[in-house]
1. So what are the ³J(HN,Hα) numbers for the stretch 7-12, from phi and the Karplus equation (6.51, -1.76, 1.60; θ = phi - 60°), rounded to whole Hz, Gly and Pro as x?
2. Nearest 0.05, what FRET efficiency do Glu42 and His6 give at R0 = 22 Å with Cβ-Cβ as r?
3. If you plug each phi of the stretch 48-56 into the Karplus form 6.51 cos²θ - 1.76 cosθ + 1.60 with θ = phi - 60°, what whole-Hz ³J(HN,Hα) values come out, in order, with x for Gly and Pro?
4. What residues have an amide H closer than 5 Å to that of Trp58, excluding those fewer than 5 places away on the same chain, when H is modeled at 1.01 Å from N in the peptide plane?
Amino acid sequence: MNDLIHRNEAIRALQEDAEWLAYQGSDWQTERMERDIRILLELPCCEPEILRCRDCKWFIEDDIGCTYMYGLENPTENDFCSRAER
């Protein structure tokens with residue numbers, strides 16, 4: 001699985017570095033950081049995959065498997081949890 005990062009946190013970190021570089025008088029590195037920030041802003045967001053109970057290998061309709069193993073109360077096919085496996 002790919003690592004996911006918070007775009008705003010990455011941009012904040014780059015902005016802090018850009019401010020420090022500007023303070024140091026490094027104009028070309030500051031411009032590079034600003035370009036990197038623009039690139040991050042333009043990249044599309046990825047949506048995490050949500051696996052519904054109906055697609056989980058542990059879900060059997062009208063079965064108590066999920067309730068017994070994971071404490072889910074009567075999960076329906078449209079529910080989801082953090083333990084789902086395709």
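1. Whole-Hz 3J(HN,Hα) from phi for the stretch 7-12: 4, 4, 5, 5, 5, 4.
2. On the way: r = 16 Å, r/R0 = 0.75.
That gives a FRET efficiency of 0.85.
3. Each residue's phi maps through the Karplus curve to give x, 6, 10, 9, 6, 3, 4, 9, 7 Hz.
4. HN-HN under 5 Å from Trp58: Glu85.
Throughout, read-outs are computed from the coordinates displayed, never taken from laboratory work. All of these numbers come straight from a predicted model, not from anything done at the bench. Note: ideal-geometry Cβ built from the backbone for every residue, glycine included; neighbour counts use all protein chains shown.
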